[in-house]
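Here the structure comes first, spelled out in structure tokens, and everything after it is commentary.
No value in this document is a laboratory result; all are computed from the given coordinates. This one's a predicted model, so the numbers in the text were calculated from it and none came from an experiment. Ideal geometry is used to build each Cβ from the backbone, glycine not excepted, and the neighbour counts take in all protein chains shown.
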Amino acid sequence: MAYKEISSTAKSILTLINNAHELIVISNKRKEASDVIRALKAYAKEKNYPIPNDKIDNFLANLLDCRPNTLSYLLTDIAQTVLKDK
């Protein structure tokens, strides 16, 4: 199977997701992770890149109450969706 190259916009979005993940799992800085995800939404909107807004809103709604493992799963799910839509 041939793989397509990931766009620079998708790479940037995945980098932001990874940054949010590290802020949560390594540093336990949930407020900062929220800021990163909100920046991700603004960036994707500016670039007209389709992102799963429902999954992102779900992540933000659960950010303060969920365990890091659950949040990690939610971010992984968002990243997989971004890769599918590349």
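How large is the convex hull of the C-alpha atoms of the chain per residue, in Å³?
90 Å³
Roughly speaking, what is the centre-to-centre gap between segment 50-67 and segment 1-32 when only Cα atoms are used, to the nearest Å?
First find each Cα centre; the distance between them is then 14 Å.
Considering Cα pairs under 8 angstrom that are at least six residues apart, work out the relative contact order of the chain and quote it in whole percent.
36 percent
Treating only the Cβ of Lys, Arg, Asp and Glu as charged (+1, +1, -1, -1), what charge dipole size does the chain show about its Cα centre? Round to the nearest 20 debye.
Approximately 100 debye in magnitude.
I need the phi-derived Karplus couplings for segment 67-76: 6.51 cos²θ - 1.76 cosθ + 1.60, θ = phi - 60°, integer Hz, Gly and Pro marked x.
Per-residue couplings from phi come out as 6, x, 5, 5, 5, 4, 4, 4, 5, 5 Hz.
Apply the Karplus curve 6.51 cos²θ - 1.76 cosθ + 1.60, θ = phi - 60°, to the phi angles in segment 37-43 and return the couplings in whole Hz, x for Gly and Pro.
Each residue's phi maps through the Karplus curve to give 5, 5, 5, 4, 4, 5, 5 Hz.
Just want the answer: with Cβ charges of +1 for Lys and Arg and -1 for Asp and Glu, which residue in 68, 13, 79 is farthest toward the dipole's positive end in the chain?
13
Excluding residue 32 itself, calculate the net charge of residues whose Cβ lies under 13 Å from the Cβ of residue 32, where each Lys or Arg counts +1 and each Asp or Glu counts -1.
For residues surrounding residue 32, the net value is +2.
Holding the Cα-Cα limit at 18 Å, pick out from 4/84; 55/84; 4/45; 29/84 the pairs that are longer than that.
Over 18 Å Cα-Cα: 4/45; 29/84.
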